[in-house]
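Participant: Just dropping this structure here.
What follows is calculated from the coordinates using simple rules that are stated; it is not laboratory data. Keep in mind that what you see is a predicted model, and the values were worked out from it rather than measured. Glycine also receives a Cβ, built like all others from the backbone with ideal geometry; neighbour counts cover every protein chain displayed.
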Amino acid sequence: MELNQKIRSYIEDNLVVFEDEAEFTDDDNIFKMGFVNSLFAMKLLNFVEKEFDITVENDEIDIKNFSSVSKIVQLVESKRN
Amino acid sequence: MSVTIHVQQHLLDEARVFANEHIFPFASEFDKKMELPKSLIESMASKGFLGANIPEAYGGLGLDQVQFGEFTEIIGKACPSTRSLITVHSSLVSSSILRWGSEAQKEYWLPKLASGELLAAFALTEPEAGSNAAGVQTNYDDKGDHFLLNGFKKWITCADIADVYLVFATNGEKVTAFLVERSSPGIETVPIKDLLAARSSHMAEISFKDVKVPKENILGVEGGGFAYVVNTALDHGRYSIAWAGVAIAQGALDAMVNYARRREQFGKKIHHFQLIQGIIADATTKIHAARALCLKAGEMRDADHEDATMETNMAKYFASKIAMEITTDAVQVHGAIGFTSEYPVERLFREAKVLEIIEGTSQLQQGMIAQFALKKYYSK
């Protein structure tokens, strides 16, 4: 599965709205759209670190780096490089 | 049994003996005097109890989540206000520093918190920011070489005795977490007295007026205060409150069993009456279920399971709910004498209520649990 598909799939599994009510592009800010709750920030961080076997340093743990599928893809790719 | 488990079991046994000898017999007195004696806090510190959840590398006892939960139950059963000190000092603040602190911050703060040289409090809630914790109005300005903090916090447990506060403030755009020494000029505290419960938890209001905070005292990143630091802290806080619920419920069950075995009416001990037995049976079953939920949450937390936070929410919701139910029943079993401070059930009844409010109300927990269930158990 492509990187962005894995991330999108995880986000979709954790939406606080149902699939038929939630449409978002890879660039949409899922937190601002209210599609996930505040607890998801920590869960998403843990998922990204475990799933992609990376360590996100404390100074990189900014919600804007996790706000959309594209931003997370950027973060993971930058860590892998 | 491994050496580590054996040592940690010994610590829990020691905590149980300490709680039975030095805390439980005086809990009612603490409640009436509305304070925890300094000597008690010093004794707990000397035993290492203030660093129970801090790794040994930073001077703590290094209990894992399951053991720390059991430790919380031991202290909470003896005295909920003493437990509340552990909740804010260890679960809310030490855990946050452990997760979000830089290595320099961990090395500076954690040994001092573990030894009790410093006591910590968690300064999030404000008059207009309760359940909506992200709506804090306490503000900070970046002054180049330091931050300037202004604002007001309310319902802050241990604020009146703590040496350092974990404070959450906004610059209008971002919410950021700061470690603020209480001795900083511009900080004033006003005790909150005559509460329904948590009377000896040294709860206070805190005002910050042009308080200078060093740049290095940000915890986590600027702007990470709510999404990360608050969520981490409250997750640990909920875990602590879940065990606190089990503790109060077990205390109430112990009290009602002992009363029912001794009290006579209609010529026989009241435990012979089947309606009393029904109350005791329900309480026992609920407590065992709540403790099982707490243990499951603890195991999931130790395993870093992705649903550990949700299991913790369920444990907190259920344990606080059954604590309220069981303390209500415990007063009922005692009858009129249950209204007096002669028996602990009156105090436990009051103490149970606050658990349904703090660290996220029961209604907030229900909302989160329902969101989880509506996704997890839906068949596409």
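Participant: Between B:K193 and B:Y377, what is the FRET efficiency for a Förster distance of 56 Å, r being their Cβ-Cβ separation, to the nearest 0.05? Display every interim value, and only then the final one.
Facilitator: Details: r = 46 Å, r/R0 = 0.83.
After rounding to 0.05, the efficiency reads 0.75.
Participant: Give me B:H146, B:H334, B:H10 ranked fewest to most by other Cβ atoms within 10 Å of their Cβ, as a rough exposure proxy. Don't jump to the answer; show the numbers that get you there.
Facilitator: Details: B:H146 16, B:H334 24, B:H10 10.
By the 10 Å Cβ count, ascending: B:H10, B:H146, B:H334.
Participant: In debye, nearest 20, what is the charge dipole magnitude of the protein assembly as shown about its Cα centre with +1 on Lys and Arg Cβ and -1 on Asp and Glu Cβ, if you could check?
Facilitator: Value, rounded to 20: 1660 debye.
Participant: Then there is this: Sort B:H305, B:H89 so the one with the fewest other Cβ atoms within 10 Å of its own Cβ comes first. Don't skip to the end; give the middle numbers.
Facilitator: On the way: B:H305 15, B:H89 28.
Ordered from fewest to most neighbouring Cβ atoms within 10 Å, B:H305, B:H89 come out as B:H305, B:H89.
Participant: Rule-of-thumb check for chain A: C-alpha Rg over 2.2 N^0.38 Å?
Facilitator: Rg over 2.2 N^0.38 Å, computed on Cα atoms: 1.02.
Participant: Report the net charge of residues surrounding B:S362, where surrounding means a beta-carbon distance below 13 angstrom and charges are Lys +1, Arg +1, Asp -1, Glu -1.
Facilitator: On the way: positive: B:R238, B:K316, B:K321, B:K353; negative: B:E325, B:E356, B:E359.
Result for the neighbourhood of B:S362: +1.
Participant: Around B:D142, with a cut-off of 15 angstrom between Cβ atoms, what is the net charge of the other residues, counting Lys and Arg +1 and Asp and Glu -1?
Facilitator: Values: positive: B:K143, B:K174, B:K212, B:K215; negative: B:D141, B:D145, B:E173, B:D210, B:E216, B:E222.
My count for the surroundings of B:D142 gives -2.
Participant: Moving to a separate point now. Fewest Cβ neighbours within 10 Å first, please rank B:F168, B:F349 accordingly. Present the calculation step by step, with values, prior to reporting the outcome.
Facilitator: Working: B:F168 28, B:F349 25.
Ordered from fewest to most neighbouring Cβ atoms within 10 Å, B:F168, B:F349 come out as B:F349, B:F168.
Participant: Also, I was wondering about something else. With +1 assigned to the C-beta of every Lys and Arg and -1 to the C-beta of every Asp and Glu, and no other charges, what is the dipole magnitude of segment B:1-74 about the Cα centre in debye, to the nearest 20? Write down the numbers at each step before the final one.
Facilitator: Details: 5 positive and 11 negative charges, 34 e Å.
The calculated dipole for segment B:1-74 is roughly 160 debye.
Participant: Right, another one. At 15 angstrom or more along the helix axis (alpha-carbon based) and mean Kyte-Doolittle of -0.5 or higher, what helices does chain A contain? Whole DSSP H runs only.
Facilitator: Values: long enough: A:3-13 (16 Å, -1.06); A:40-51 (16 Å, 0.23); A:69-80 (16 Å, 0.00).
Flagged H segments are A:40-51, A:69-80.
Participant: Sticking with this structure for a sec: Quote the charge dipole size of chain B about the Cα centre in Debye, to the nearest 20; the model charges only the Cβ of Lys and Arg (+1) and of Asp and Glu (-1). Please report the intermediate quantities before stating the final value.
Facilitator: Values: 38 positive and 46 negative charges, 229 e Å.
I would put it at about 1100 debye.
Participant: With just the Cα atoms defining each centre, how far is segment B:214-258 from segment B:329-380? Give it in Å.
Facilitator: So the separation of the two Cα centres works out to 15 Å.
Participant: Could you compute the net charge surrounding B:I270? Neighbours are other residues with a C-beta less than 12 Å from the C-beta of B:I270; K and R count +1, D and E count -1. Walk me through the intermediate numbers first.
Facilitator: Numbers: positive: B:R261, B:R262, B:R263, B:K268, B:K269; negative: B:E264.
With Lys, Arg at +1 and Asp, Glu at -1, the net is +4.
Participant: B:K143: which lysines have alpha carbons under 28 Å from its alpha carbon, excluding same-chain residues fewer than 8 sequence positions away?
Facilitator: Cross-link targets: A:K64, B:K106, B:K153, B:K154, B:K174, B:K209, B:K212, B:K215.
Participant: Where the centroid of each part is defined by its Cα atoms, how far is segment A:34-60 from segment B:130-172 in Å?
Facilitator: 25 Å
Participant: If you don't mind, there's one more thing I want to ask. Among B:N313, B:A323, B:L364, which residue has its Cα positioned farthest towards the positive end of the charge dipole of segment B:302-380, with +1 placed on the Cβ of Lys and Arg, -1 on the Cβ of Asp and Glu, and the dipole taken about the Cα centre?
Facilitator: Positive-end residue among those listed: B:L364.
Participant: Among rounded, prolate and oblate, which fits segment B:195-327 when a ≥ b ≥ c are the square roots of the eigenvalues of its C-alpha gyration tensor, a/c under 1.5 means rounded, and a/b larger than b/c means prolate? Show your work: numbers first, answer last.
Facilitator: Working: a/c = 4.73, a/b = 1.98, b/c = 2.38.
Here segment B:195-327 falls in the oblate category.
Participant: In this model, which of B:K77/B:K269; B:K112/B:K193; A:K6/A:K71; A:K50/B:K316; A:K43/B:K77; B:K296/B:K321 are farther than 21 Å apart at the alpha-carbon? Show your work: numbers first, answer last.
Facilitator: Details: B:K77/B:K269 26 Å; B:K112/B:K193 29 Å; A:K6/A:K71 14 Å; A:K50/B:K316 26 Å; A:K43/B:K77 32 Å; B:K296/B:K321 18 Å.
Long pairs (Cα-Cα over 21 Å): B:K77/B:K269; B:K112/B:K193; A:K50/B:K316; A:K43/B:K77.
Participant: What residues from segment B:272-303 fall in the zone where the backbone N is under 13 Å from a label point 7 Å along the Cα-to-C-beta line of B:A370?
Facilitator: none
Participant: Continuing with this model, one more query. Under 5 Å between amide hydrogens, which residues at least 5 positions from B:L61 or on another chain qualify, with H placed 1.01 Å from N in the peptide plane?
Facilitator: B:G51, B:A52, B:N53, B:I54
Participant: For A:K64 paired with B:A281, estimate the spin-label separation in nm (one decimal), with each label point 7 Å from Cα along the Cα-to-Cβ line.
Facilitator: Computed distance between label sites A:K64 and B:A281 equals 6.2 nm.
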